[in-house]
Amino acid sequence: MTAHEVTTIIGLEVHVQLKTQTKLFCGCSAAFGAPPNTQVCPVCLGLPGALPVMNEHAIELAIRAGLAIHCSIPPMTKWDRKQYFYPDLPKGYQISQFDLPICADGYLEITDPADPDGTRHIGIIRAHLEEDAGKSMHDEVAGKSDTRIDLNRCGTPLLEIVSQPDLRSAAEVKEYLTQLKLILTHLDVSDCEMQEGSLRVDANVNLHIDVDGKKVATPIVEVKNMNSFRAVERALEYEVERQYADWENDGLTIEDNPKTTRGWDDVNQRTFVQREKEESADYRYFPDPDLLPVRIPSERVEALRQSLGELPRATYLRLQSQHDLKPYDADVIVNQGPAMIAYFERVAEVSGDAKRSSSWIQQDVMRTLKDRELSIDAFPVTSVGLGELLKLVVKGQLDNTRARDVFNYLLDHESTVDQAIQSLGIEQVDNSEIDALCQELLDANPAVVADVRSGKVQAVGSLIGQAKKKNPNANPQQVRETLLKLIG
Amino acid sequence: MLDSAKELLRMQESGDLTAVEITEQALAAIQHSDPQINAFTHVAAELAVDAARRVDAKRLAGEALGPLAGIPVAVKDVLCTADMPTTCSSRMLKGFQPPYDATVIHKLREADAVLIGKTNMDEFAMGASTETSAFGVTRNPWDTDRTPGGSSGGAAACVAAGNVPLSLGSDTGGSIRQPAAFCGVTGLKPTYGRVSRYGLVAFASSLDQVGPIAWSVDDVALLLESIAGFEPRDSTSLNQGVPNYSEILQTTDLRGLKIGILRESSENKAVDHAILAAVHHAGDVFRSCGAELVEVNLPHSEYWVPTYYVIAPCEASSNLSRYEGAHYGHRTESIDSNSEQGPLVSAYCRSREEGFGAEVKRRIMVGMYALSEGYADKYYNQALKVRRLIKGDFDAAFTQCDLLLGPVTPSSAFRIGEKVDDPIQMYLCDLFTVGANLAGLPAISLPGGFDEHGLPIGIQLQAPVLEESRLLFAAGAFQSVTDYHTKRP
Ligand SMILES: [Zn+2]
């Protein structure tokens with residue numbers, strides 16, 4: 001697209017709704033989807049005289065999230081008021097954090113989309129807690145536009161995670177968001193449902209264009225209203241093209257126009273200029289006198305750090321090094337969450353074959369989960385059961401077809417692997433029996449023997465099928481080996 | 001004219017009076033005096049009689065009764081009540097009825113008190129004369145040409161006028177103590193956090209505190225016992241048990257108590273001679289009870305008023321943001337849809353323009369200015385630093401003495417209209433009271449004499465944090481050897 005070398009500069013502000021039962025400063029339910037204005041009380045409505053009380057669980061979730069993205073947790077944090085007038089904001093201010101955020105100065109490790117073996121550290125400036133505002137719903141009925149206000153969302157806890165402008169492409173942004181979502185869902189900090197608004201992304205993007213060895217920066221654009229990962233990716237791709245084309249046309253740089261806000265139009269797949277809500281807003285931040293500063297003893301931080309366990313990125317790397325999985329396979333398993341990781345590891349341990357375990361889980365297990373709309377916690381085949389089954393396959397005592405019969409039996413019956421084998425009439429066939437069966441088949445098919453002798457080894461295939469018919473329990477691999485041995 | 005709460009309790013127990021009779025007396029007294037005094041914004045006659053009836057029925061049935069059973073209590077109109085309007089004496093909240101009770105209101109109901117009505121005040125508690133009320137000025141029962149003080153002017157005046165034995169006020173910079181002094185009654189500002197602020201409409205959150213007003217220390221202690229205590233819905237509430245304050249008041253022996261007199265206030269030229277004389281006289285009374293008097297100084301006391309008049313408006317400008325006409329309260333009828341900023345901003349601006357009075361607007365402007373970019377360091381943050389120094393002064397002083405004695409006000413009750421156009425003169429009414437708010441200390445205003453016009457004079461005692469018992473103990477001793485608190489207008 002370009003005659004110049006261009007570097008894309010992207011920083012993200014991600015708002016994550018924390019998975020608390022109740023709101024940040026009152027006892028109202030924080031659940032999504034209730035009828036408008038049914039989950040409200042004097043506190044979240046900001047009625048005269050009402051006072052906020054901090055939700056300890058939100059603090060804990062914020063610290064866990066912060067530790068997972070390598071942030072430091074200060075010994076003291078506090079609440080500040082951010083003041084602006086908006087109909088969704090009944091108090092006229094939002095309780096947020098200004099100069100002492102609960103998490104500061106971390107990073108998120110992501111896979112480099114340009115190099116699957118490479119990693120990138122994306123800096124995190126801060127992550128702070130704040131209460132959400134309500135929602136305005138614009139009714140355009142009969143030519144007059146009414147605005148209805150739903151204050152259910154007022155006071156639900158948000159963690160705003162602000163990255164450094166370290167991201168260099170839409171693909172990196174997608175990877176960053178994927179990793180972030182993985183961590184937050186893994187830790188049960190948030191649902192991260194973009195459709196429900198529990199994960200919202202604003203992106204700041206501009207270009208650094210190399211003009212005869214001098215860097216020229218385009219105006220920074222904050223892109224809002226993106227409600228899927230796909231939309232984020234498309235919006236940023238669009239914005240990179242647009243900014244370059246604009247610069248070629250008008251030559252405007254960051255000095256001419258430092259920052260504008262644009263929305264994403266998903267229907268037409270383009271960004272558009274948004275009217276600024278506040279021009280050079282002065283939020284007049286000051287410490288909220290209704291809430292005491294929050295002291296966070298280092299012991300509490302350490303205890304929470306201990307409780308984190310292994311994080312998805314580390315598991316992903318370990319599955320590759322310890323179990324020799326391919327990056328793709330490790331990624332699929334890690335993406336399924338902690339319960340699936342645990343399931344996989346147990347199957348691999350019991351069966352002694354991680355790759356086989358991984359492939360069974362990705363095919364048979366995950367397909368069944370999808371078909372039956374189950375979570376792995378409710379899966380009828382236990383990890384030990386599947387591990388034992390696969391161990392028999394590894395030892396050559398069951399072929400894949402018979403193993404699948406057993407697996408299907410286990411899906412529908414409460415049974416051990418042994419019981420299943422017995423119920424299905426699967427018997428271990430001893431070597432002499434196989435020898436006899438093979439000899440019988442060779443005697444009856446001299447043409448096949450001749451073909452094999454003349455070098456067409458694949459001709460034994462027809463005999464394996466016949467052996468299977470005569471004795472369903474015969475292991476095809478063993479039959480094949482025996483036939484070839486007997487032919488000599 | 002009603003008796004003291006203690007006496008009314010005794011008479012109900014002996015069967016001389018019923019709660020309904022007391023309530024009817026209170027309502028009759030209000031009907032008689034309020035056309036002149038205008039202490040009430042709302043009188044809940046029917047609700048009060050119903051409540052009194054329930055008390056009488058409980059007593060008759062032999063059920064356990066709360067400590068304020070059948071006692072009429074008036075409540076400053078800054079406290080949320082689910083069955084009466086809560087207006088803060090502002091046009092902005094005219095007719096507004098909250099869906100919930102403030103914690104102190106809930107506690108009063110639990111104590112079987114009879115809530116008689118809501119009392120007039122300076123708009124959103126901003127003022128020192130109850131002249132900024134949107135519902136007319138309250139007049140001082142001692143001289144109806146004079147103000148009752150403010151902002152709890154109605155709460156002090158209705159007690160002074162004998163309408164009710166007890167009332168609740170709120171004190172952000174002296175708003176209980178100054179009107180108590182002007183009206184010749186006893187008023188206590190408790191330690192910050194001692195009484196829940198839940199349901200107290202905020203003026204300046206870090207300074208506001210609810211407190212009792214009554215004729216005597218005995219009744220103040222009785223009311224404080226009922227409203228104090230930890231409140232999980234108020235993060236700034238102190239998690240400390242409530243002492244039995246009434247039991248402390250059984251002695252006049254103050255031996256071992258060291259009372260500090262502030263050198264600055266006794267040398268202040270702006271203070272009326274009669275006020276200084278009353279303070280010296282009070283010192284003599286305390287000495288006669290066995291207390292030792294020492295002179296102490298608070299080096300940063302000259303910064304109390306300027307510090308207060310930065311912090312309070314800053315917090316107020318923020319706390320009052322919620323009144324914009326969108327969700328409740330006054331909404332303009334003349335939204336300009338063609339306004340340059342759009343109809344929404346026009347609706348906000350006009351609703352606030354029409355809803356707020358001049359003093360409230362002045363403080364919102366001052367607060368927004370002092371918090372704005374480029375000025376916050378010069379004003380707000382600087383004021384926070386000075387506030388820490390002021391607290392330090394008190395800490396140091398209380399290593400030398402147990403209580404501090406001084407004036408409440410520079411003068412006795414001034415005339416209505418005298419200072420209303422001169423905000424600085426009005427702000428100086430808080431000269432001696434704001435220190436306790438900035439430092440979060442408990443302080444009490446006691447009747448300590450009369451000036452040449454026969455107007456009451458208050459004296460103030462201040463104590464370290466949570467030492468209400470010590471305050472009440474000394475104040476009780478003072479009232480047991482003086483009779484200023486028994487005088488009626
Ligand atoms: Zn709520």
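Remark: relative contact order (chain A) = 14 percent; criterion is Cα-Cα distance under 8 angstrom and separation of 6 or more residues.
Annotation: per residue accessible area for chain A equals 47 Å², rounded to a whole number [probe 1.4 Å, protein chains only]. For segment A:6-299, the residue among A:G123, A:G155, A:T7 whose Cα projects farthest onto the positive side of the dipole built from Cβ charges is A:G155. Starting from one equal scatterer on each C-alpha and no solvent at all, send me the Debye-based log10 I(q)/I(0) for segment A:233-289 at q = 0.22, 0.31 Å⁻¹, two decimals. Listed by q, the Debye log ratios stand at -0.98, -1.26. Pairwise over distinct Cα atoms, reciprocal of the mean inverse distance: report the Kirkwood radius of segment A:266-344 in Å, one decimal place. Across segment A:266-344, the inverse of the average 1/r is 18.2 Å. Residues in chain B average 35 Å² of solvent-accessible surface per residue, probe 1.4 Å, ligands and nucleic acids excluded.
Averaged over the residues of peptide A:82-91, the number of Cβ atoms from other protein chains lying within 10 Å of each residue's Cβ is 4.
The equivalent ellipsoid of the protein assembly as shown has semi-axes of 75, 34, 25 Å, largest first, where each one is the square root of 5 times an eigenvalue of the Cα gyration tensor.
Interface A/B, total buried accessible area with a 1.4 Å probe, nearest 100 Å²?
2700
Just round it to a whole percent: the fraction of Cα-Cα distances in chain B exceeding 33 Å. The share of Cα pairs beyond 33 Å in chain B comes to 33 percent.
A Cα-only calculation for segment B:389-489 places Rg and Dmax at 15.2, 42 Å. In a simple Cβ point-charge model (Lys, Arg +1; Asp, Glu -1; nothing else charged), segment A:1-97 has a dipole of about 280 debye relative to its Cα centre. Charge tally for B:S288 (other residues, Cβ to Cβ under 14 Å; Lys, Arg +1; Asp, Glu -1): -1.
The 3J(HN,Hα) values that the Karplus relation (6.51, -1.76, 1.60; θ = phi - 60°) gives for segment A:358-374 are, in residue order, 4, 6, 4, 5, 5, 8, 5, 5, 5, 5, 5, 4, 5, 4, 8, 6, 10 Hz. Gly and Pro appear as x. Listed by chain and number, the aspartates and glutamates whose alpha-carbon sits under 12 Å from that of A:K468, ignoring those within fewer than 8 places in the same chain, are A:D399.
Counting Cβ atoms of other protein chains within 10 Å of each Cβ in A:39-49 and taking the mean gives 6.
Treat segment A:296-417 as a sphere of radius equal to its Kirkwood radius over Cα pairs and apply Stokes-Einstein at 10 °C in a medium of 1.306 mPa s; give the translational diffusion coefficient in µm²/s, rounded to a whole number.
103
By the helix-only formula, in which each DSSP H run with n ≥ 4 contributes -39500 (n - 2.57) and the sum is divided by residues, the protein assembly as shown has a 222 nm mean residue ellipticity of -12000 deg cm²/dmol. Residues in segment A:397-404 carry Karplus couplings, in order, of 7, 9, 8, 4, 5, 5, 4, 5 Hz; the curve used is 6.51 cos²θ - 1.76 cosθ + 1.60 with θ = phi - 60°, and Gly or Pro positions show x. Summary value for segment A:392-488: 29 percent relative contact order, contacts being C-alpha pairs under 8 angstrom separated by 6+ residues.
Within segment A:408-466, the GluC sites (Glu not before Pro) that combine a DSSP coil assignment with at most 14 other C-beta atoms in a 10 angstrom radius are A:E414, A:E427. Working note: Cα atoms of segment B:1-156, range along each principal axis, descending, whole Å: 47, 36, 21. Placing +1 on the Cβ of every Lys and Arg and -1 on the Cβ of every Asp and Glu, with nothing else charged, gives segment A:431-487 a dipole about its Cα centre of roughly 200 debye. Between B:G449 and B:I457, the built amide H atoms are under 5 Å apart, and every one of these is 5 or more places off in sequence or on another chain. Ligands, DNA and RNA left out, the accessible area of segment B:305-409 computed with a 1.4 Å probe is 52% carbon and sulfur.
Share of segment A:6-299's accessible area from carbon and sulfur, percent, 1.4 Å? Carbon and sulfur together cover 49 percent of it. Amide H contacts for A:K23 (H built 1.01 Å from N in the peptide plane; partners 5 or more residues away or on another chain; cut-off under 5 Å): A:C28, A:A30.
Put simply, the amide H of A:C103, placed in the peptide plane, has neighbours under 5 Å in A:A127, leaving out anything fewer than 5 places away on its chain. In chain B, Cα pairs under 8 Å separated by at least six residues give a relative contact order of 17 percent.
Over all distinct Cα pairs, what is the inverse of the mean 1/r for segment A:431-487, reported as the Kirkwood hydrodynamic radius in Å? Value: 10.9 Å, from the Cα pair sum. Burial annotation for segment B:188-224: residues with an accessible-area loss of at least 50 Å² between the isolated chain and the complete set of protein chains, computed on heavy atoms with a 1.4 Å probe, are B:Y198. Relative to the globular-protein estimate of 2.2 N^0.38 Å, the Cα radius of gyration of chain A stands at 1.32. Toward the positive end of the charge dipole of the protein assembly as shown, with +1 on the Cβ of Lys and Arg and -1 on the Cβ of Asp and Glu, the farthest Cα among B:M92, B:F473, B:W215 is that of B:F473.
Rg and Dmax of segment B:188-337, both derived from C-alpha coordinates alone, stand at 21.0, 72 Å. The alpha carbon centroids of segment A:429-449 and segment B:319-357 are separated by 96 Å. Its Cα centre serving as origin, the protein assembly as shown has a Cβ charge dipole (Lys and Arg +1, Asp and Glu -1) of approximately 500 debye. Ranking B:L200, B:L461, A:V384 by how far each Cα lies toward the positive end of the dipole of the protein assembly as shown (charges on Cβ) leaves A:V384 at the top. With 20 Å as the limit on Cα-Cα distance, the pairs of B:K385/B:K419; A:K174/A:K355; B:K269/B:K487; A:K215/A:K259 that go past it are B:K385/B:K419; A:K174/A:K355; B:K269/B:K487.
The values are calculated or read from the model by the stated rules, or taken from the named source; none is laboratory data. Nothing here was measured: the structure is a model prediction, and the numbers come from that model. Counting neighbours? That spans all protein chains shown, and the Cβs are built from the backbone with ideal geometry, glycine included. What goes into the accessible areas is simple: the full protein's heavy atoms, side chains included, and nothing from ligands, DNA or RNA. Shrake-Rupley method; radii C 1.70, N 1.55, O 1.52, S 1.80 Å.
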